[in-house]
1. Please work out the Cα center distance from the stretch C:207-221 to the stretch B:66-82, rounded to the nearest Å.
2. Just tell me how shielded C:74-81 is by partners: mean number of partner chain Cβ atoms within 10 Å of each residue's Cβ, no decimals.
3. What average number of partner chain Cβ atoms lie no more than 10 Å from the Cβ of the residues making up A:118-124?
4. Go through A:LYS170/C:LYS142; A:LYS182/C:LYS94; C:LYS45/C:LYS177; A:LYS182/C:LYS91; A:LYS182/B:LYS281 and tell me which ones have a Cα-Cα distance over 19 Å in this structure.
5. Roughly to the nearest percent, how much of the accessible area of the stretch A:2-232 is carbon and sulfur, given a 1.4 Å probe?
6. Give me the accessible area buried between chains B and A, both sides summed, with a 1.4 Å probe, in Å² rounded to the nearest 100.
7. Loop only by DSSP, 12 or fewer other Cβ within 10 Å of the Cβ. Give me the chymotrypsin sites (Phe, Trp or Tyr not before Pro) in the stretch A:148-182 that pass, ordered by residue number.
8. Show me the three semi-axes of the equivalent ellipsoid for chain C, from the C-alpha gyration tensor (sqrt of 5 times each eigenvalue), largest first, rounded to whole Å.
Amino acid sequence: MRKNKLSNAIILVGLAILFILAPLLYPNQSVPFQMMAYMALAQGINLLYGFTGYLPFGYVGFFGSGAYGVSVLVLLLHWSVIPAVIGGGLVAVAVALLLSPLLRLSGAYFSIGSLAASEIVYYIVSNPNMQNITQGPYGVNLAGVYAPNTSYYAMLVILLIFTAVVMYVKNSTFGMSLLAIKEDPVSAAMCGVNVVRNRVVIWLASAFAAGLAGAVYGWYVSVFYPSSVFDLTISIFAIVFTLFGGGGTVLGPIVGTIVLYGLYNTIGVSSPQYFQLIYGLLIVVLVMFLPQGLTSLLKRRGINVP
Amino acid sequence: MSTFLFAVVSGILFGVFFSLMAIGLNFAFGVMKIVNLAHGDFVMLGAFGAYYALTVFGVNPFATMLLEIAVFLVVGVGLYYGIIPRLLRSDDPEMLSLILFFGISQVIEALATLAFGTNPVTLPTNALGQLSVQLFGQAFGSSWVIGFLVSVVAIGLLYLYLYKTKMGIATRAVMANRNEAAASGINVNRISAVAFGIALALAAVAGVLTPFMLGGIYPSVGVNLTITSFSIIVIGSLGNPVGTVVGGLVYGLSLLLMQTYLSSWANMVPYVLLILILLIKPSGLLGKGARNA
Amino acid sequence: MSHDALLNVSQVVKRFGGFTALNGVSLSLNRGEILGLVGPNGSGKTTCINVISGLYAPDGGDVSFHGRSLVHVPMFRRALLGINRTFQIPKPFKALTVRENVEVAGAYVGQRKRVVDDPVDFVGLAAFADASASSLTSGQQKMLDLARALSTGPELLLVDELAAGLNPQELDAVAKKLTFLASQGVAMIVVEHLLGFVNQLTQHVIVMNEGREIFEGALSAAAKDPQVTAVYLGQSEVSVRDGRQ
């Protein structure tokens with residue numbers, strides 16, 4: 001346990017230093033910003049997939065809900081931006097609560113069901129009939145609260161918080177009960193584990209991560225469209241980064257995001273289809289030969305991965 | 001009233017076509033219990049095949065269809081032996097297959113984008129032939145009617161295979177219980193490989209029809225087609241081919257009625273139907289009993 | 001039926017589609033009592049345990065524990081109230097170690113008094129406590145399943161086909177453990193094909209067939225009961241086909 005605490009502290013401090021220094025070393029601040037956003041999303045996916053086995057293809061629905069939550073709270077209700085960001089996260093939690101019956105589904109049903117749910121949210125937000133509230137498909141402009149540096153650090157805080165949440169879950173009885181549910185809900189219930197409640201709790205926590213990330217993302221970019229914050233590619237990237245690094249670990253999603261998002265920035269921005277080809281092949285190779293992700297290479301050698 | 005009738009008849013024409021598009025996905029699931037998330041991408045490839053055969057080489061879509069059936073069958077059998085036996089031995093085949101085919105879907109989409117670009121391509125609707133039908137004083141375009149007829153024939157052939165041939169009966173045994181089937185001396189791997197080939201061949205047939213039924217084709221359309229297909233088979237009931245036809249009709253009718261009366265919300269139809277069915281009756285309209293969830 | 005009994009099952013009916021798995025089953029059990037539940041395959045023994053543990057909701061009748069109806073109490077809460085069970089095919093949490101498997105179960109119990117302080121040690125797995133549950137043999141997995149069930153400190157333990165697949169020495173050891181638990185006040189329902197094993201535990205049995213009780217009384221008397229012998233005639237394959245459900 002003590003050893004875990006030390007390595008966890010090192011990871012958190014390391015992340016903080018990395019992203020505080022990154023804008024000084026790297027000319028384009030938005031690159032480390034997006035990396036943080038994806039890392040936070042990957043940790044959110046990790047909370048759900050890594051500990052319960054639910055793989056939410058529609059995870060971006062919460063990200064978009066967070067972004068639009070902020071825009072409605074700021075533009076329509078004139079909240080100041082920090083409460084609005086938290087409110088945006090809570091909007092995602094509310095959406096997740098509404099969608100919690102999806103947890104009755106398992107495997108592919110859940111994955112595709114969640115994808116359908118996020119598309120429904122997208123079509124509602126982007127519908128021209130919703131113009132009074134969400135501006136429909138025409139996008140929103142948060143120029144009034146635009147603050148790239150503050151929002152950059154807000155994303156860092158969110159990343160650190162949810163990395164810490166993963167650490168907590170991984171080392172707690174709660175996390176153990178989730179792993180038990182993942183393997184066999186019936187046996188878990190016979191251990192006295194409240195299966196339904198624990199699943200819902202982690203589902204809401206995961207949605208909160210995506211909602212906050214989406215909210216800060218909306219604040220940072222300040223101009224966005226439904227098609228940009230509900231883009232399925234965001235779900236796909238976050239899932240692939242998590243799977244690549246390895247779910248159920250603290251480090252997996254971090255390593256996965258650094259490696260793959262780094263790769264994306266080298267080749268993906270100019271020719272996204274080559275990047276898509278590479279990560280598509282990576283997934284195939286991963287499933288065939290390394291289904292537990294990159295960090296499992298270390299685990300196989302008996303090295304404890306935080 | 002005539003608007004309503006037009007919507008209903010078109011809904012049925014489209015519904016049967018959508019059944020064809022989805023039935024391969026359902027067939028593969030029924031036999032192997034895996035969800036081929038690249039199904040829509042194979043439909044997309046079939047569509048591009050028809051497009052280039054016609055525009056570059058002047059090949060009639062029906063000839064392309066026969067050629068594609070052969071090619072996709074071989075590809076399907078090869079793909080099966082290459083990956084699926086290994087997957088089925090793993091701890092969690094259903095989840096891993098979902099992720100794996102998601103990867104394959106990304107690879108196909110990327111390669112298609114490199115080869116075909118991102119702009120939609122279209123084919124003249126009369127390339128399938130002339131067969132206009134008058135019904136209730138309304139004219140229905142020949143591509144819709146021919147697409148409907150081809151779909152009926154393809155689904156009928158699948159039915160004949162499953163119920164009238166020796167291999168088809170063995171396939172149904174595998175669908176019912178893989179282990180029992182193996183214990184009764186059925187070569188489960190060979191049956192499944194052929195089933196996967198047939199599933200892709202059905203996707204190819206639907207693909208050739210797609211430009212005529214749905215209009216513009218582009219590489220990233222595959223994801224939408226997969227979700228639509230998945231919705232249809234969940235509506236019908238997963239693993240039950242007859243259910244797919246019901247699912248396709250429900251989907252086609254709902255879509256066309258929404259487009260007629262509430263067009264700005266029509267895009268949501270497959271997703272809303274999917275969620276409703278999943279939550280209200282997860283085993284589908286024709287499903288028996290409940291699944292463990 | 002006594003009202004001060006630990007467990008009262010009265011007129012429970014359970015149907016699956018058109019098939020009636022339990023057709024008005026009643027039984028009651030006192031503290032420290034062991035009841036053997038025997039009968040051919042498909043007679044409803046495991047279904048009965050599944051209804052008591054909360055895996056299935058009954059279609060009719062009532063199950064009460066300490067005089068309180070359990071019909072609307074979810075499975076996990078029954079575990080916390082003091083009912084636990086083993087499974088015919090145990091599914092230990094393979095991602096966790098042996099000790100963690102038991103800790104998951106112990107974590108929610110609070111101050112409940114446990115008959116067994118260290119379930120892992122009690123079932124003889126102390127040497128494997130830090131090993132992954134996936135490394136256990138199938139016999140050891142059954143013992144882990146028992147340890148998991150004991151870690152919530154049950155007053156009522158439902159034992160489903162624990163004996164199948166164990167060798168004679170292991171059977172003997174398990175029988176001693178169950179007898180010890182009963183002597184400490186744990187009530188047990190033991191579903192079993194191996195009548196010799198039941199004989200080591202208790203003389204009180206209920207024989208079931210087609211969802212009904214056809215005999216209740218001493219095991220030795222059951223063998224002479226014409227209805228019971230008729231049911232068991234030609235059932236010699238019972239213990240071979242077991243576990244396939």
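1. About 59 Å separates the Cα centre of the stretch C:207-221 from the one of the stretch B:66-82.
2. 5
3. 4
4. Numbers: A:LYS170/C:LYS142 27 Å; A:LYS182/C:LYS94 10 Å; C:LYS45/C:LYS177 22 Å; A:LYS182/C:LYS91 12 Å; A:LYS182/B:LYS281 23 Å.
Pairs exceeding the cut-off: A:LYS170/C:LYS142; C:LYS45/C:LYS177; A:LYS182/B:LYS281.
5. Carbon plus sulfur share of accessible area: 68 percent.
6. Details: alone 13660 and 14310 Å², together 24170 Å².
Heavy-atom accessible area buried at this interface is about 3800 Å².
7. Passing both the DSSP loop test and the Cβ count: no residue.
8. Details: eigenvalues 152, 92, 57 Å².
After diagonalising the Cα gyration tensor, the semi-axes are 28, 21, 17 Å.
The values are calculated or read from the model by the stated rules, or taken from the named source; none is laboratory data. Here the structure is a predicted model, which means the values were calculated and not measured. Every residue, glycine as well, gets a Cβ built from its backbone with ideal geometry; the counts of neighbours run over all protein chains shown. These area figures cover heavy atoms from the full protein model, side chains too; ligands, DNA and RNA do not enter into them. Shrake-Rupley method; radii C 1.70, N 1.55, O 1.52, S 1.80 Å.
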